[in-house]
Amino acid sequence: MSASQKPLESAATIRHDWQLHEVEALLALPFNDLIFQAQSVHRVYFDPNEIQVSSLLSIKTGSCSEDCGYCPQSARYDSDLNPEALMPVDAVLKAAQQAKEQGASRFCMGAAWRSPKDRDIERVVEMVQGVKALGMETCVTLGMLSDKQTQALKDGGLDYYNHNLDTSEDYYSEIITTRTYQDRLDTLERVRDAGINVCCGGIVGMGESATDRAKLLVQLANMPKHPESVPINMLVQVEGTPLHGTETLDPIVFVRTIAVARILMPQSRVRLSAGRKAMSDEMQALCFLAGANSIFYGDKLLTTDNPMTNHDQQLFERLGVRMGGSSYA
Ligand code: SF4
């Protein structure tokens, strides 16, 4: 039976055995059939008119030893970024309070490290505890973790750890050479085994093929447990990074990628992440229709611009969308 003929009542089944040809077939469906299927799956597990909102703060910026080809925070590239040391805890908590007042339910803290030092973890744990005391969920992204560090974060009450796979295993070495795909998978496994929720997705528009996008989705969907959050990023091309000048991805292909992520991981929050600033309101509405139900909110992502908070609020009003909802259905 082809993907388009699959009965809708069984389409929202949670599976971990997706085959590449099935995912490629979903990505290639007629657009209207794909969106219909994604909406049908979405409505089984989520309120279709509710979007979870996370806020993201860079707690340590730039001077990163890694060579991720998209990233202005790498010390290897000549971008216009001002490096900043790990922030004091009180400054982070002030930003979290502000994000809460603007409606964010989760506060994500990102540090530009290959992997943190143990003494860094102590300060991050203080941040996690402070943000939780404000009544928000916490997420951090700190690079590769040791067992001891993972456990310290778990003991500190961390809710989510973000660690993206970025792209397919085949294409990974075209984008990053300073670590392997397996390194990523190992950290993800450590985080999952420690009982921390996983936030894991990728970036599209990096010059990858349609098969690479399908393989990334297969990798995510066939994890023993689906990531609770799946950020799908559109490459933000930053001058000075190797990926600046990459051919722009067709926005419809981006929407298709969101829709297939929704179908493969029916219970996950699919997050419309980087690249939103360059998207029209209509494009974002299409992404929500395709099953995206989480965004980053606030004027900045880690270092790149994000739509202004007020504009997001107006868009939500125009779409009749509410902010909120638990992070995981
Ligand atoms: S994506 Fe993360 S690990 Fe890679 S260069 Fe940027 S900050 Fe470093």
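The values are calculated or read from the model by the stated rules, or taken from the named source; none is laboratory data. Given the structure is predicted, the values throughout are model-derived calculations rather than measurements. Neighbour counts run over all protein chains shown; Cβ positions are idealised from the backbone, glycine included. Heads up: the accessible areas ignore ligands, DNA and RNA and are worked out on the full protein's heavy atoms, side chains in. Shrake-Rupley method; radii C 1.70, N 1.55, O 1.52, S 1.80 Å.
A few remarks follow.
- Evaluating Asp186 against the criteria (1) within 16 Å of the ligand (Cβ to nearest atom); (2) under 25 Å from Gln219 (Cα atoms); (3) in contact with a helix residue (DSSP H, G or I) (Cβ under 9 Å, 6 or more places away or on another chain); (4) in a helix (DSSP H, G or I) leaves one unmet condition, (3).
- Only one of Arg184, Arg190 that is within 16 Å of Ala112 (Cα to Cα) and within 19 Å of the chain's Cα centre (by Cα): Arg184
- Some residue of the range 197-215 being β-branched (Val, Ile, Thr) and part of a loop (DSSP other than H, G, I, E, B): no
- Residue check, Asn49 surrounded by fewer than 19 Cβ atoms within 10 Å (Cβ to Cβ), within 30 Å of Gln314 (Cα to Cα) and either of a type outside the set (D, E, K, R) or in contact with a strand residue (DSSP E or B) (Cβ under 9 Å, 6 or more places away or on another chain) (or both): yes
- Scanning the range 217-231 for residues that are in a loop (DSSP other than H, G, I, E, B) and either within 18 Å of the chain's Cα centre (by Cα) or of a type in the set (Asp, Glu) (or both) yields Asn222, Met223, Lys225, His226, Pro227, Glu228.
- Tally, over the range 232-291, of residues that are in a loop (DSSP other than H, G, I, E, B) and of a type outside the set (D, E, K, R): 24
- Residue in the range 67-114 that is farthest from the ligand (Cβ to nearest atom), counting only those that are among the hydroxyl-bearing types (Ser, Thr, Tyr) and open to solvent by less than 30 Å² (accessible area, probe 1.4 Å): Ser79
- Test: Ala292 is at pLDDT 95 or above, surrounded by 23 or more Cβ atoms within 10 Å (Cβ to Cβ) and either of a type in the set (Lys, Arg) or under 29 Å from Ser74 (Cβ atoms) (or both): yes
- Qualifying residue in the range 243-264 (condition: closer than 30 Å to Asp17 by Cα, open to solvent by 10 Å² or more (accessible area, probe 1.4 Å) and in contact with a His (Cβ under 9 Å, 6 or more places away or on another chain)): no
- All of Thr177, Thr141 fail the test of being open to solvent by 10 Å² or more (accessible area, probe 1.4 Å) and within 27 Å of Ile295 (Cβ to Cβ), apart from Thr141.
- Phe46 meets all of the listed conditions (1) within 16 Å of the ligand (Cβ to nearest atom); (2) under 20 Å from the mean Cα position of the chain (by Cα); (3) among the aromatic types (Phe, Trp, Tyr) but one, namely (1).
- Checking the stated criteria, Gly143 turns out not to satisfy the condition of being small (Gly, Ala, Ser), more than 18 Å from Ala261 (Cβ to Cβ), more than 16 Å from the ligand (Cβ to nearest atom) and outside any strand (DSSP E or B).
- Flag if Gln37 is in contact with a Lys or Arg (Cβ under 6 Å, 6 or more places away or on another chain), open to solvent by less than 30 Å² (accessible area, probe 1.4 Å) and either in a loop (DSSP other than H, G, I, E, B) or away from the ligand (no atom under 16 Å from the Cβ) (or both): no
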